[in-house]
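Q: Have a look at this one.
Derivation of every value follows stated rules applied to the coordinates shown; laboratory data play no part. Only a predicted model underlies this, so the values are computations on that prediction, with no experimental measurement involved. Note that each Cβ is placed from the backbone with ideal geometry, even for glycine, and that neighbours are counted across all protein chains shown.
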Amino acid sequence: MTAAPTPDVLRAPLVVEFPFTRSLGPVQSAFLTGLRERVVLGVKTADGRVMVPPAEYDPVTAEEIRDLVEVGATGTVTTWAWNADPRPQQPLATPFAWVLVRLDGADTALLHALDAPGPEAVRSGMRVRIRWAAERTGAITDIACFEPYEDEHGDPHEGEAAPAGQPHDGVFEDAVTGIVAEARLDYVYSPGRAQTAYINGLAERRTIGERCPSCHKVYVPPRGACPTCGVATTDRVEVGPAGTVTTYCIVNIKARNLDIEVPYVYAHIALDGAGLALHGRIGGIPYDQVRMGLRVEPVWTEGGSHPDHYRPTGEPDADYDVYKELI
Amino acid sequence: MARARASREVAVVAFAQSDHLRRTDELSEVEMVMPVLHRVLAQTGLKAGEIGFTCSGSSDYLAGRAFSFTMTLDGVGAWPPISESHVEMDGAWALYEAWVKIQTGEADTALVYAYGKSSPGSVRDVLTRQLDPYYVAPLWPDSVALAALQAQALIDAGETDEEALAAIGARSRADATGNPHAQLSGAVPQGDYQVRPLRTGDCPPIGDGAAAVILAAGDTARALCARPAWITGIDHRIEAHSLGLRDLTDSPSTRLAAERAGVFDAPVDTAELHAPFSAQEVVLRKALGLGDAVRVNPSGGALAANPVMAAGLIRIGEAAARIHRGESDRAVAHATSGPCLQQNLVAVLEGERA
């Protein structure tokens, strides 16, 4: 037993990806399907304001709103921010401005990117128009970005039809009813002091627990704190390698990507010297002969970072009284 | 107007926080939180098992792992079972839940803690995942970009300029020299544009940290603390979801929460404002009607240390600590969550006059 030295911290990449599939309500469906067809729809609130992008409920009264109207593909920047160093998943890879744009015929603003040569070419009040993505699927990214819509004197271009502001039935062929909101976040995971020591121990095929200085229970694997006493577990203790099956179950359903034949036994194993049981698979014995009190030891495979399974040691079974507190 | 006033007297009786650091790789979350929990308990002499209710604030997205908050429960001695809850928000909202729990009479004391480790991921990218998933999140506008849109709106409205924003950052970091826990203090270069018009000095440091507060009711509070910081009002409000629907130069939700918490009933001498970006202080000062006589963010505020999910709770803790020390008689504490001051919590803290 020694006081824990500060280990070199372990680090590993951790990637979290989630392709959330989201269904759309009638208003969102009409809006995103409209973008696919290069039509921008807003929704009219009871007090006559046109919201773009549209919501299904009035943010003030919470009343349901369904009245769709078509607005322009041109609009006015209400505020902006110059993004000189775009991050990987943002709409443009070259420096651009984030903008809130009030489209012609709308009373609220839409967030998107503005492709402009530099911050000196952007100002609040400037006129912009939608640049459509070449391939459109029914998503906010069907708007590739906005682009300036005025000449070098800052005067708006003439010639495009003014926005109709006309009611729209929101009906399109093959309406988009859902989106997949894909996301990926990259982390570097560090397990902290206690778990680093545990993992480093496993690399030497040793199982390291930590003892609570207050209640003296030995936690395996250790997480650095005693959940009963709420204090740091500071003393490292090597436990096992052998242990006792405290309880078990027989698994009859094969998990996907698992190359273990069913049925097999999954058990709680109290390693000798540990104050609680850990999980492990039992092998080297027919599944229907596994029992509470069975004495087992870890089996390591070449290059394994943890025991592959536990097998009987051949010792006599442990008395129930020895492990009953650990079930 | 009905006020969010207490039917029971509840006070902040203790506050502790970690040193806020850019990285804490050598510590797991519970290892980072535990010393703070021990310190806040030691201030009152209470043991973990004597606390009536425990509530925490944190976010799985910062850790990149589901149910990450359950691991930190080991640090409060959660066996045998305790009365406990968690909010996936800043710890200020965990404090609100604890305040409600005490109001119901189900607890006389509460331990509130919050923590955030931003170092494992890119917090600018991580925070995009709290945005509207249909129209906004697919564009990945990061937290600095959205704050910059708000800053430009304020500049366009003539309410501030880049020089005034730089002065807010400079004042915050100068004040933080008196705060041993701050991540940034003293003279900090204003730096280059991060997302124009915001420069490095207008943005909060990215870091890891934790904080904890103990609440107590009535005579329990008086027994635990020489000068309790009584929460005489607390309320929280949210803006409409869509950024393009809002007037980004104003914070009506802060103003409404402040009205209901009773901020405007009498002058305050101290304001701890959760303004991670310099321009947000301009918005909050206006919403709360703070004059020049009010001491704003004497701790240095979020521009000196902004452990995500704990920085709002720290504002309440810092305001309370000033009352504990006799440096304030009536303080307002504010916490925010979400982009561009989306959600706002306001509390009034008062010390008994001698």
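Q: Roughly how far apart, in whole Å, are the Cα centres of the stretch A:260-327 and the stretch B:99-124?
A: 39 Å
Q: Per 5 Å bin, what is the whole-percent P(r) computed from every C-alpha pair distance within the stretch B:232-289?
A: 4, 18, 26, 28, 15, 6, 2
Q: Right, another one. Relative to the compact-globule scaling 2.2 N^0.38 Å, provide the ratio for the alpha-carbon radius of gyration of the stretch B:261-304. Walk me through the intermediate numbers first.
A: Working: Rg = 10.3 Å, N = 44, 2.2 N^0.38 = 9.3 Å.
In units of the 2.2 N^0.38 Å rule of thumb, it is 1.11.
Q: Which distance in Å, rounded to a whole number, links the C-alpha centroids of the stretch B:308-354 and the stretch B:228-301?
A: 10 Å
Q: Short version: ³J(HN,Hα) in whole Hz for each residue of the stretch A:305-320, in order, from phi by Karplus 6.51 cos²θ - 1.76 cosθ + 1.60 (θ = phi - 60°), x for Gly and Pro, what are they?
A: 9, 7, x, 5, 7, 10, 10, x, 7, x, 5, x, 4, 6, 5, 3
Q: For the protein assembly as shown, just say rounded, prolate or oblate: build the C-alpha gyration tensor, square-root its eigenvalues into a ≥ b ≥ c, call rounded for a/c under 1.5, and beyond that prolate if a/b exceeds b/c, oblate if not. Don't jump to the answer; show the numbers that get you there.
A: Details: a/c = 2.16, a/b = 1.39, b/c = 1.55.
In terms of gyration-tensor shape, oblate.
Q: With N residues in chain B, what two-decimal value do you get for its Cα radius of gyration over 2.2 N^0.38 Å? Intermediate results must be reported in sequence, preceding the final value.
A: Details: Rg = 18.8 Å, N = 354, 2.2 N^0.38 = 20.5 Å.
Normalised by 2.2 N^0.38 Å, the Cα Rg of chain B equals 0.92.
Q: To continue, here is another question. Modelled label-to-label distance, A:E315 and A:V262, 7 Å Cα→beta-carbon offset: nm?
A: Simple spin-label model gives 3.3 nm for this pair.
Q: Using helices alone, what [θ] at 222 nm do you get for the protein assembly as shown, with -39,500 (n - 2.57) per DSSP H run of 4 or more residues, divided over all residues and rounded to the nearest 500?
A: -6000 deg cm²/dmol
Q: Please report, to two decimal places, log10 I(q)/I(0) for the stretch B:1-140 at q = 0.10, 0.11 Å⁻¹ as given by the Debye formula with identical point scatterers on the Cα atoms and no solvent.
A: Log10 of I(q)/I(0), two decimals: -0.39, -0.47.
Q: Using Cα centres only, tell me the gap between the stretch B:28-43 and the stretch B:148-167 in whole Å.
A: Computed from Cα coordinates, the inter-centre distance equals 39 Å.
Q: Springs between alpha-carbon pairs under 10 angstrom, Gaussian network model over chain A: which of A:V296, A:V239, A:V262 fluctuates most?
A: Result: A:V262 has the largest fluctuation of those listed.
Q: Given A:K217/B:K101; B:K47/B:K101; A:K217/A:K324, which pairs have Cα atoms separated by over 25 Å? Show your work: numbers first, answer last.
A: On the way: A:K217/B:K101 33 Å; B:K47/B:K101 19 Å; A:K217/A:K324 15 Å.
Table pairs above 25 Å Cα-Cα are A:K217/B:K101.
Q: Using the Cα atoms of the stretch A:243-319, I'd like the radius of gyration and the largest Cα-Cα distance, Dmax, both in angstrom.
A: Over the stretch A:243-319's Cα set, Rg and Dmax evaluate to 12.3, 37 Å.
Q: Figure the gain on full extension for B:A174 and B:A293 (residue separation times 0.36 nm, minus the Cα-Cα span) and round it to one decimal in nm. Could you put the intermediate results ahead of the total?
A: Numbers: separation 119, 0.36 × 119 = 42.84 nm, distance 1.81 nm.
Value of the extension gain: 41.0 nm.
Q: Right, another one. Could you work out how much longer the chain between B:K286 and B:A226 gets when fully extended? Use 0.36 nm per residue separation minus the Cα distance between them, nm to one decimal. Each step should come with its number before you reach the end.
A: Working: separation 60, 0.36 × 60 = 21.60 nm, distance 3.38 nm.
Result: 18.2 nm gained on full extension.
Q: If each residue of separation counts as 0.36 nm, what is the full-extension length gain between A:I253 and A:E56 once their alpha-carbon separation is subtracted? List each step's numbers first, then the result.
A: Values: separation 197, 0.36 × 197 = 70.92 nm, distance 4.43 nm.
The span from A:I253 to A:E56 would gain 66.5 nm if fully extended.
Q: If you don't mind, there's one more thing I want to ask. For labels at A:T234 and A:A46 in the simple 7 Å Cα→Cβ model, what's the distance in nm?
A: My value for the distance between the label points is 6.5 nm.
Q: For the pair A:A175 and A:I285, how long in nm is the line joining their label points, each one 7 Å along Cα→Cβ?
A: 6.2 nm
Q: Turning to a different aspect of this structure: If you take the beta carbon distance between B:E26 and A:E325 as r and set R0 to 45 Å, what does 1/(1 + (r/R0)^6) give as a FRET efficiency, to the nearest 0.05? Mind showing how you got there, number by number?
A: Details: r = 33 Å, r/R0 = 0.74.
According to the calculation, E is roughly 0.85.
Q: FRET efficiency for A:W132 and B:A187, Cβ-Cβ distance as r, R0 = 51 Å, nearest 0.05? List each step's numbers first, then the result.
A: Working: r = 49 Å, r/R0 = 0.95.
Step by step, r from the Cβ atoms, then E = 0.55.
Q: Tell me whether chain A comes out rounded, prolate or oblate; compute the Cα gyration tensor, take square roots of the eigenvalues as a ≥ b ≥ c, and use a/c under 1.5 as the rounded threshold. Could you put the intermediate results ahead of the total?
A: On the way: a/c = 3.49, a/b = 2.60, b/c = 1.34.
Prolate, since a/c reaches 1.5 and a/b exceeds b/c.
Q: Could you list which residues have their amide H under 5 Å from that of A:A274, counting only those 5 or more apart in sequence or on another chain, with H placed in the peptide plane?
A: It is A:G240, by chain and number.
Q: Which aspartates and glutamates have a Cα less than 12 Å from the Cα of B:K286, not counting those fewer than 8 places away in the same chain?
A: Qualifying aspartates and glutamates at Cα under 12 Å: B:E159, B:D250.
Q: Mind pulling up the Rg/Rh value for the stretch A:169-222? Radius of gyration and Kirkwood radius, both on Cα. Provide the component values of the computation, followed by the final result.
A: Details: Rg = 24.6 Å, Rh = 15.9 Å.
With Rh from the inverse mean 1/r over Cα pairs, Rg/Rh is 1.55.
Q: Take A:I282, A:I253, B:I51 and order them by how many other Cβ atoms sit within 10 Å, fewest up front. List each step's numbers first, then the result.
A: Numbers: A:I282 22, A:I253 7, B:I51 25.
By the 10 Å Cβ count, ascending, the order reads A:I253, A:I282, B:I51.
Q: Please rank B:E31, B:E84, A:E120, fewest neighbouring Cβ atoms within 10 Å first, as an exposure proxy.
A: Lowest to highest Cβ neighbour count: A:E120, B:E84, B:E31.
Q: If you don't mind, another one. Let me know the Rg and Dmax you get for the stretch B:285-354 when you use only its Cα atoms, in Å.
A: Gyration radius and largest Cα-Cα distance of the stretch B:285-354: 12.4, 41 Å.
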